[in-house]
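The block underneath contains the structure these notes are about, expressed in structure tokens.
The values are calculated or read from the model by the stated rules, or taken from the named source; none is laboratory data. Bear in mind the structure is a predicted one, so any value in this text is a computation, not a measurement. Every residue, glycine as well, gets a Cβ built from its backbone with ideal geometry; the counts of neighbours run over all protein chains shown. All accessible areas refer to the heavy atoms of the entire protein, side chains included, with ligands and DNA or RNA removed. Shrake-Rupley method; radii C 1.70, N 1.55, O 1.52, S 1.80 Å.
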Amino acid sequence: MASLDLSVIPEHVAIIMDGNGRWAKQRGLPRTIGHNKGVEAVRETVKAAGEAGVKFLTLFAFSSENWSRPESEIEALLGLLRRFIRRDLADLHRENVRIRIIGERDNLRGDILPLLLEAEETTRNNTAMTLVIAFNYGSRNEIARAVAKIAADVAAGFIAPDAVDAEMISRRLDTADIPDPDLIIRTSGEERLSNFLLWQAAYSELVFLPCYWPDFDRQQFEEALRIFASRDRRFGGLSPATTAVVG
Ligand code: IPE
Ligand code: IPE
Ligand code: MG
């Protein structure tokens, strides 16, 4: 960690954990083995993020579009989520990690919602880091649900149509009270957002790494932090160096 510039550690890192299937395929293994291995990368990443001083870590675990995969793969992924929460919740709680779940909660199968709620409830007062798990998450669905809530309030006369602004929409998203991600990392070489945090990513720095998710580790995480540190974030303005010259 010595070579990391701590003054530019992102407050919020979000990760699209991609490439489990290709990692397995490369080794002639079933895709589910790649998903199993991916859980180890999750554990290492949560530790590395906490130690680096990241305050919010969001992990894209299952998208609203991932239901279109074969039932056997869906069941394997849900099984991993269940086991992760059952096995790791106590450790995360001990490490003072707060868990938040984003994504559509209606119509989830069986025991999934109670497990997610238990994870949130158990850890709600923890303060070291917030681990946001995006499950059954899709940005367009999230934005549509937020807009529906606002429309209901407008229809009920609680808010005027012209009072609707970006801030109001942000507050109705699943990520209300979570700062926008400073850095979004995607593994596996794909360079797209796949319906992840579209609204919140307005000024995020995007870092695409070629490694498959099961190979992601502390070194890869630090590499992404170094790339982030080298970026010049301007938010539509001018960078401080330019401002000094322009006066
Ligand atoms: C990421 O790996 C895990 C999830 C999307 C749940 P993939 O399963 O997408 O792996 P690839 O992209 O097919 O290699
Ligand atoms: C995005 O990966 C979803 C998660 C990482 C959970 P996908 O593998 O589903 O995305 P596409 O299909 O390649 O865009
Ligand atoms: Mg994929």
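Taking the stretch 46-79, which residues are within 16 Å of ligand 3 (Cβ to nearest atom), assigned to a helix (DSSP H, G or I) and not aromatic (Phe, Trp, Tyr)?
66, 68, 73, 74, 76, 77, listed by residue number.
Residues being under 26 Å from residue 213 (Cβ atoms), within 16 Å of ligand 2 (Cβ to nearest atom), buried (at least 16 other Cβ atoms within 10 Å of the Cβ) and under 20 Å from the mean Cα position of the chain (by Cα) are represented in the stretch 109-123 by at least one member.
Looking across 198, 206, one residue alone is touching a helix residue (DSSP H, G or I) at 6+ places or on another chain (Cβ under 7 Å) and open to solvent by 40 Å² or more (accessible area, probe 1.4 Å). It is 198. Is it the case that some residue within the stretch 39-61 is near ligand 1 (Cβ under 8 Å from one of its atoms), modelled with pLDDT of 95 or more and in contact with a helix residue (DSSP H, G or I) (Cβ under 6 Å, 6 or more places away or on another chain)? For the stretch 39-61, residues near ligand 1 (Cβ under 8 Å from one of its atoms), modelled with pLDDT of 95 or more and in contact with a helix residue (DSSP H, G or I) (Cβ under 6 Å, 6 or more places away or on another chain): absent. Whenever a residue of the stretch 130-142 is open to solvent by 10 Å² or more (accessible area, probe 1.4 Å), its partners that are hydroxyl-bearing (Ser, Thr, Tyr), lying with C-beta atoms within less than 6 angstrom and at least six residues away or across chains, give the pairs 136/64; 141/64.
Residues are listed down the side, and each one gets a yes or a no for (1) within 15 Å of ligand 2 (Cβ to nearest atom); (2) surrounded by 14 or more Cβ atoms within 10 Å (Cβ to Cβ); (3) without any contact (Cβ under 8 Å) to a residue 60 or more places away in the chain:
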| site | (1), (2), (3) |
| --- | --- |
| 32 | yes, yes, yes |
| 39 | yes, yes, yes |
| 57 | yes, yes, no |
| 88 | no, yes, yes |
| 93 | no, yes, yes |
| 96 | no, no, yes |
| 99 | no, yes, yes |
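Counting residues in the stretch 156-174 that are closer than 23 Å to residue 198 by Cβ, open to solvent by less than 50 Å² (accessible area, probe 1.4 Å), not acidic (Asp, Glu) and not in a helix (DSSP H, G or I) gives one or more. Based on what the data block shows, is residue 225 at pLDDT 95 or above and in a helix (DSSP H, G or I)? Yes, satisfied.
Out of curiosity, is residue 112 of a type in the set (A, V, I, L, M, F, W, C) and in contact (Cβ under 8 Å) with a residue 12 or more places away in the chain? The answer is yes for residue 112.
Taking (1) touching a residue at least 12 places away in the same chain (Cβ under 8 Å); (2) open to solvent by less than 60 Å² (accessible area, probe 1.4 Å) in turn, residue 74 satisfies each apart from (1). Taking every residue in the stretch 14-28 that is aromatic (Phe, Trp, Tyr) and pairing it with any residue that is more than 8 Å from ligand 3 (Cβ to nearest atom) and assigned to a helix (DSSP H, G or I), at least 6 positions away or on another chain, the pairs with Cβ-Cβ distances below 6 Å are 23/34; 23/214.
Which residues, taken from the stretch 176-194, are open to solvent by less than 50 Å² (accessible area, probe 1.4 Å), away from ligand 3 (no atom under 16 Å from the Cβ) and touching a Ser or Thr at 6+ places or on another chain (Cβ under 8 Å)?
176, 178, 181, 182, 183 - these are the residues of the stretch 176-194 that are open to solvent by less than 50 Å² (accessible area, probe 1.4 Å), away from ligand 3 (no atom under 16 Å from the Cβ) and touching a Ser or Thr at 6+ places or on another chain (Cβ under 8 Å).
Test residue 122 against the criterion of being in contact (Cβ under 8 Å) with a residue 60 or more places away in the chain, more than 16 Å from ligand 3 (Cβ to nearest atom) and either in contact with a His (Cβ under 9 Å, 6 or more places away or on another chain) or assigned to a loop (DSSP other than H, G, I, E, B) (or both), and give yes or no. Criteria not met by residue 122.
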